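The values are calculated or read from the model by the stated rules, or taken from the named source; none is laboratory data. Everything numeric here is computed off the predicted structure, so don't read it as measured data. As a convention, Cβ positions derive from the backbone with ideal geometry for all residues, glycine included, and neighbour counts pool all protein chains shown. The accessibility values were calculated without ligands, DNA or RNA, using every heavy atom of the protein model including side chains. Shrake-Rupley method; radii C 1.70, N 1.55, O 1.52, S 1.80 Å.
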Amino acid sequence: MLDLSRLRALHAVSVHGSVAAAAAALGYTPSAVSQQIAKLERETRTTLLERRGRGVALTEEARHLAGTARELLAIVERAETTLEERRGRPSGLLTVAAFASAARGLLPGVLADLARRHPALDVRLTEVDPHLSVDLVARGVTDLAVAHDWDIAPLPAPEGVEQAVIGDDHCDLVVPAGHPFTARRVVRRADLGGQRWVCQPPGRVCHDWLVRTMRTAGFEPEIAHVAEENHTIVALVAAGLGIAVVPRLGTGALPPGTVAVALEPGPVRRLYALWRTGAARRPAITEAVRTLQEHWAAAAPLPGDLPSVPGAPGAGRQ
């Protein structure tokens, strides 16, 4: 008999591409995953992993077995969903993938609320890129994903994956204190030419939005500084090194030296929860999605409510 936990380890290596990445996704140590694969090799009398430089690659036999593992894990998921549905309450393990600012600005409260309301439910969070998370759901690696899209890049929902809207995250134009834009009630996109920008790296939706929007307005944006995290971007703006478009979720109150100005039309990114169709009836999924929507409705800032600067009431509002 093939051990399901060992098949799960092989499937994770197949999906994530390395033992270390599989271990991180499963919540194990790399050594534990390697041991599971070694035991599976002994059980099947088959070599499953081959050394390739500093990493490993699946053999042809391992790829076939990983495909079978995926099918078996889907059957187990359906069985677990049926049992949980019959119990009528959220329980068991629920894995959640979320992008960075949602993991920081939304999920802590949601996870704490779920733990308080449903002690039989064990929710585990992993921070991942929003578009990677959709694929993780589709492959059965994670149960639920919190992702986002912009108007220039709709979020794809592959066959077998369902989604629900959590809410809209409004973005602000953040400029250094003393910048000419701080004297305006709103700034229009046509007024943004000739500015130095701080933004995320190429390939990120925020970066692509900026480039496309500026080109549509007739400008080629001068991107002076590139940073991954919104907090770093805001710190660079506070130092007077450029301006930026920053989503509100996970950013928090702006630091001294920065001012948020309304941009018209204002950019908005939409947040979604995504899960596999086969798990749609699972009480843990429905309760987690409901809690996400509930927390967003209670905490999301309104379009006209710009973030303030600590210690200077009103200084961050224009």
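Applying the Karplus parametrisation 6.51 cos²θ - 1.76 cosθ + 1.60 with θ = phi - 60° to the phi angles of region 4-11, what ³J(HN,Hα) value in whole Hz is obtained for each residue in order, glycine and proline being reported as x?
5, 5, 6, 5, 5, 5, 5, 4
Could you please report the charge total around ARG116, scoring K, R as +1 and D, E as -1 over all other residues with beta-carbon less than 15 angstrom from its beta-carbon?
Summing Lys and Arg as +1 and Asp and Glu as -1 gives -1.
With the dipole of the chain worked out from charges on the C-beta (+1 for Lys and Arg, -1 for Asp and Glu) around the Cα centre, which of VAL259, TRP150, TRP209 lies farthest toward the positive end?
Looking along the dipole axis, the top candidate is VAL259.
Taking 8 Å as the Cα distance limit and 6 or more residues as the minimum spacing, I'd like the relative contact order of the chain as a percentage.
Over the chain, the number comes to 21 percent.
Quick one: which residues, 5 or more positions from GLY250 or on another chain, have an amide H under 5 Å from its amide H? H modelled 1.01 Å from N in the peptide plane, none for Pro or chain starts.
When sequence neighbours closer than 5 places are left aside, the close amide H contacts are GLY105.
Once a ≥ b ≥ c are taken as the square roots of the eigenvalues of the Cα gyration tensor of region 66-110, is the result rounded (a/c under 1.5), prolate (a/b larger than b/c) or oblate (a/b not larger than b/c)?
Oblate shape, in that a/c is at least 1.5 and b/c is the bigger or equal ratio.
Under the 0.36 nm per residue contour assumption, what length would be gained going from the current alpha-carbon distance of ARG42 and GLU61 to full extension?
The span from ARG42 to GLU61 would gain 5.5 nm if fully extended.
Once R0 is set to 25 Å, what does the formula 1/(1 + (r/R0)^6) return for the Cβ-Cβ distance between LEU241 and VAL165, expressed as a FRET efficiency to the nearest 0.05?
0.10
Pick out which of THR81, THR46, THR126 has the largest mean-square fluctuation in a Gaussian network model of the chain, springs linking Cα atoms closer than 10 Å.
THR46
Work out, step by step, the length gained on full extension between ARG204 and ALA112: first 0.36 nm times the residue separation, then minus their alpha carbon distance; give nm to one decimal.
Difference between extended and current length: 30.2 nm.
Show me 13-23, 48-58, 193-203 ranked by packing, highest mean number of other Cβ atoms within 10 Å first.
Listed from highest to lowest mean packing, they are 13-23, 193-203, 48-58.
If you place +1 on the Cβ of every Lys and Arg and -1 on the Cβ of every Asp and Glu, how big does the dipole about the Cα centre of the chain come out, in debye to the nearest 20? Please report the intermediate quantities before stating the final value.
Details: 35 positive and 34 negative charges, 62 e Å.
The dipole of the chain has a size of about 300 debye.
Please list HIS11, HIS231, HIS179 from largest to smallest accessible area, probe radius 1.4 Å, with all protein chains kept in place.
The residues order as HIS231, HIS179, HIS11, largest area first.
Grab the other residues whose beta carbon is less than 14 angstrom from that of MET214, score K and R as +1, D and E as -1, and report the net.
Its environment carries a net charge of +1.
Taking the chain as the reference, fit the longest principal axis to its C-alpha atoms, fit the long axis of helix 60-87 to the helix C-alpha atoms, and give the angle between the two in degrees, 0 to 90, nearest 10.
In the chain, helix 60-87 runs at an angle near 80 degrees to the longest axis.
Could you compute the FRET efficiency for ALA21 and THR232, with r as their C-beta to C-beta distance and R0 at 25 Å, rounded to 0.05? Kindly include the intermediate steps, with their values, before the conclusion.
Values: r = 25 Å, r/R0 = 0.99.
With R0 = 25 Å, the Cβ-Cβ based efficiency is 0.50.
Quick one: if you stick a label point 7 Å off each Cα along the C-beta vector at ALA298 and ALA74, how many nm between them?
Output for this residue pair reads 3.7 nm.
Dipole of the chain (Lys/Arg Cβ +1, Asp/Glu Cβ -1, origin at the Cα centre): which of GLY250, LEU7, VAL234 lies farthest to the positive side?
LEU7
Multiplying the sequence separation of MET1 and ARG124 by 0.36 nm and subtracting their Cα-Cα distance, what value in nm do you get?
Contour length minus the Cα-Cα distance gives 41.3 nm.
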